[in-house]
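Enquirer: Take a look at this one; I'll ask things after.
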Amino acid sequence: MDTGDVEVTSADIARIAGVKPTAVSNWRRRHDDFPRPVGGTDRSPRFDLAQVERWLSAHRGAPSIDPDQRLWQAVDSLRSTMPTESALAWVGILLLHLHRHHSPPTAETADPAVLFDAARTGFAESLAAAGLEHLGGDDTPPDAHLPVLADAAVRAAQGSDPARAFERLLARLDQRAPSGSHTLPSALADLMVRLAGPAGGDGTVADPACGRGELLLAAGRAGRSPLHGQDRDAPSARLAALRAGFADLLDRRLSLVVDDALRSPALPADGADTVLCAPPFGERNWGAEDLAEDERWVYGSPPRLESDLAWVQHCLTLARPGGSVVMVMPPGAAARPSGRRIRREMLRAGAFRAIISLPPGLAAHYAVPLQLWVLRRPEPGRAPGPVLLADTSPHDPGAPADEASVVALVDRLWQGFLDDPAGTVKPGVARSVDVVDLLDEDVDLTPRPRLPVPRTAAVDLESFARDRRRVESALRTLRTLVPQPPEEEPRAEPTRVVTLAELAKAGSVTIRRPAARRADSDPRTGGPRITARVISGEDVARGRAASGSEEVDADPMRNPPVQEGDVLIPAVTARPVARVATEADAGAYPGPGLYVVRTNPGAVDPWFLAGFVTSTAESRTIARVSSSMRGSLRVDPARMRLPVLPVEEQRRHGEMFRQVARFRDALHELDALGQGLAARSVDLIAGRWAPGPPTP
């Protein structure tokens, strides 16, 4: 089959060939027969994939393109003719057909039109048998693109399980446009099913914001049926049906309704035994005015800015009396003053069973510490029981959250609560609380403030002794690093100087200015995005390692990572400061407020340069015309002046600057260790008394 009409960027070609993007630029300059651009812009051209593949085979002996990469490029090639989700659905239909026929045709023998018609007919029959004809979709790929899609799907099916290939495509879609995605980690979805009740058997499971069906699939994996989903986004619901087809769940009485669940609720007959939901957060236009008198608002009409509590009450309405509801919620829903009346009425009615705080970043695409709300639709005459409050976030802010450990901890806490609802107490982690103790003025249900403080134990004394030894060692090291005055006399004659801007013109240094932060990749370039360490100007000013992690442009031509020996200079700071990047800094990406100066070591010593940036005289020069911002200065390193010295002499003075930098680093380390030791000392003293329950 031909792969024509699929366009790729220089970054895509580099990934295909296993080289850096700079190599692709060199190929374009050195080889007259390199494929000409067929689209894009002068700055970011796009090339025909078939031509590139033939050129790589002839010149590089490159292996065949990775099936996942080929499949994504096939989807990406359709974005000018249909939404990406729709293109992804048609690729999924092809993969589902190949999944059901365990001996797929080869890329050379498959007829694209025949394969596509068979896949479309088979999926339409499956939807009809499940009563889901409305998810068939009317938009079809242009005939010219059928060979591209069929070729990519067949190759992917031959290389791996088609179902897994489709899941990897969904993950790529999340990376391209994470906002608005309903996808949750499968481990979190399975945990929510377990929190809802025993697995297996009949009992309707409903999800009124099902998205791509992650929670419904988790319920199906646990043997629950029938499954009832609703979502206002038709392409997402179609993808959910496709995933159900891969999981053999279309015959388990699956229903999917395409409509807004708040404005046009589709209620299961006789109510649902279990409701699972990860609703959209913080919506303003959810219909507050039109639904002000809706009968679902049993616990109070939600204010316009409390769409989260509207979803909670809707989910409780879907459940039968005594039915379980498990929801993913933002932390503000448990604490905002505008929602306290609704929370109070829900507590009094006995709707709450547990609120469990998750670590930041545990749920895909959400950096905030989300919560799991475990609810039950109140039954008449049943008194409210204790509520489990739990916080699974690491108590050390810098400690990473391990998904498997968090899920295992929640399982243990929930089972312990079921065994003894009134007796759960785990200082700093979990506690069962009577409803009357939660009905204070604010009705703030955030778990951590209501948990007992961990009492001092022997391990605390051991940690204190260890930290004390580290402080004593740091003090001894600092004493050896106290700077000494230079042995040589100052020069009597003025030394010629040169600015960094002039050195940049001569090619001795390159100055990379701070880049603007962008939430998404440029739609013109289609550049890859990855989650990586980011070092900020504040990190450099405070003498710490890269403290952030976020999505960045992964194209090394547009956004090269920091290399060892780069000079890092914050753009805004109280006093100009610079740091020579170490091995620990290498690989991190510069944040928006950071200059990166890369030197030619044969012309400019980086330590020599960094030392002069922090000197008093040059601090005045590079910040002289800067605008004051609340006591901070805006720095322009291009104005900095360096003495014109032989590189050997630069290195000798650079070593002196390096010794001062080591002294400064030791001071930062001692300050951090000392502050930690002081805090632990306070905790040891305060921990002599066992805290009791909070006063209501």
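Enquirer: Hey, any idea what % of the chain's accessible area is carbon plus sulfur with a 1.4 Å probe?
Expert: Ligands and nucleic acids excluded, carbon and sulfur reach 52 percent.
Enquirer: Pick out the long, greasy-scoring helices in the chain: whole DSSP H runs spanning 30 Å or more along their own axis by Cα, mean Kyte-Doolittle at least -1.0.
Expert: Qualifying helices, which must be both long enough and hydrophobic enough, are 458-480, 647-686.
Enquirer: So how much slack lies between LEU684 and ASP139, counting 0.36 nm per residue of separation and subtracting their Cα-Cα distance, in nm?
Expert: Going from the current span to full extension adds 189.5 nm.
Enquirer: State, to one decimal in nm, how far the label point of THR41 lies from the label point of THR616, with both points 7 Å from Cα in the Cβ direction.
Expert: 4.8
Enquirer: Additional query: Let me have the 222 nm mean residue ellipticity of the chain computed from DSSP H runs of 4+ only, each contributing -39500 (n - 2.57), with the sum over all residues rounded to the nearest 500.
Expert: The per-residue figure over the chain is -12000 deg cm²/dmol.
Enquirer: Listed highest first by mean packing, meaning other Cβ atoms within 10 Å per residue, what order do 82-95, 668-681 come in? Spell out each step's value before the answer.
Expert: On the way: 82-95: 23.2, 668-681: 14.5.
The packing order, highest mean first, is 82-95, 668-681.
Enquirer: Something else: Note down the accessible area of SER57, probe 1.4 Å, to the nearest 10 Å².
Expert: My reading of the accessible area for SER57 is about 80 Å².
Enquirer: What's the FRET efficiency of GLN69 with THR531 using the Cβ-Cβ distance as r and R₀ = 22 Å, to the nearest 0.05?
Expert: Once the sixth-power term is evaluated, E becomes 0.70.
Enquirer: Could I ask something else about it? Multiplying the sequence separation of ASP411 and VAL425 by 0.36 nm and subtracting their Cα-Cα distance, what value in nm do you get?
Expert: Stretched out fully, the ASP411 to VAL425 stretch lengthens by 3.5 nm.
Enquirer: Also: If you wrap a convex hull around the Cα atoms of region 262-369, how much volume per residue is inside, in Å³?
Expert: Expressed per residue, the convex hull around the Cα atoms of region 262-369 is 111 Å³.
Enquirer: What FRET efficiency comes out for ASP259 versus LEU461 if R0 is 60 angstrom and r is the Cβ-Cβ distance? Round to the nearest 0.05.
Expert: 0.50
Enquirer: Hey, what's the chain come to in accessible area per residue, 1.4 Å probe, Å²?
Expert: Details: 33320 Å² over 696 residues.
Normalised by residue count, the accessible surface of the chain is 48 Å².
Enquirer: Seen from all sides and averaged, what is the projected area of the convex hull of the Cα atoms in region 22-61, in nm²?
Expert: Answer in nm², one decimal: 2.8.
Enquirer: Give me the distance in nm between label points sitting 7 Å out from Cα along the Cα-to-Cβ direction at ASP117 and ARG221, one decimal.
Expert: 3.8
Enquirer: Amide H to amide H under 5 Å from ALA354: which residues, 5+ apart in sequence or cross-chain, H placed 1.01 Å off N in plane?
Expert: So ALA354 has HN proximity to VAL374, LEU388.
Enquirer: Name the residues whose placed amide hydrogens come within less than 5 Å of the amide hydrogen of ARG529, ignoring near sequence neighbours (fewer than 5 apart) on the same chain.
Expert: ALA554
Enquirer: To the nearest 0.05, what FRET efficiency results for THR84 and SER338 with a Förster distance of 30 Å applied to their C-beta separation?
Expert: 0.25
Enquirer: Using the alpha-carbon centroid of each, what span in Å lies between region 317-360 and region 630-666?
Expert: Comparing the Cα centres of region 317-360 and region 630-666, I get a distance of 56 Å.
Enquirer: Further question: Largest first and to the nearest Å, give the Cα extent of region 639-686 along each principal axis.
Expert: 60, 24, 8
Enquirer: Hey, another quick one. If I model a spin label as a point 7 Å beyond the Cα along the Cα-Cβ vector, how far apart are those points for GLU167 and ASP290 in nm?
Expert: Label at GLU167, label at ASP290, 3.7 nm between them.
The values are calculated or read from the model by the stated rules, or taken from the named source; none is laboratory data. Fair warning: this is a prediction, and the values are worked out from it, not measured in the lab. As a convention, Cβ positions derive from the backbone with ideal geometry for all residues, glycine included, and neighbour counts pool all protein chains shown. The protein model used for the area step is the full one, side chains on, heavy atoms only, and it has no ligands, DNA or RNA in it. Shrake-Rupley method; radii C 1.70, N 1.55, O 1.52, S 1.80 Å.
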